[in-house]
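The values are calculated or read from the model by the stated rules, or taken from the named source; none is laboratory data. All values reported here derive from a predicted model rather than from experimental measurement. Note that we place each Cβ from the backbone using ideal geometry, even for glycine, and neighbour counts take in every protein chain shown.
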Amino acid sequence: MFPSFQARFISANEAMDKKEMAQEKDWISRREREVLAKMLEKMEAENKDVAKTSSEALDSILKKHRINVTAQLVEDLKNWRRSTY
C-alpha cells in the first residue's frame, strides 16, 4: 500500500513541477516580449530623431548653396547616399 501511495505522490509532484515550469517559461516569454517591444519602440524613436536631423542638415546644405530643394531631389540624394540609386 505504501509504495503505491508513494508512487502516486511522486507522479502528482512531477506533474506539479511540470506545470510550474511551463508557467514560469510562459511568464519569461511574455516578459521578454514586453522588454523587446519597449526596446523596439525606443530604437524607432531614436531613428526618427536621426532621420529628422539628417533631413534638416541636408536641407540646410542645399539652401546654403542656393539649390532649389524638391522632394524628389532629397529622395534621390538619400538613395544615392545609401547606394541604392
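Structure summary
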quantity: Filter result for Glu34 (acidic (Asp, Glu), assigned to a helix (DSSP H, G or I), on the phi < 0 side of the Ramachandran plot and at pLDDT 90 or above); calculated: yes
quantity: Flag if Thr70 is among the polar types (S, T, N, Q), surrounded by 10 or more Cβ atoms within 10 Å (Cβ to Cβ) and modelled with pLDDT of 85 or more; calculated: yes
quantity: Matching residues, region 50-67, being of a type in the set (D, E, K, R) and surrounded by 10 or more Cβ atoms within 10 Å (Cβ to Cβ); calculated: Lys52, Glu56, Asp59, Lys63
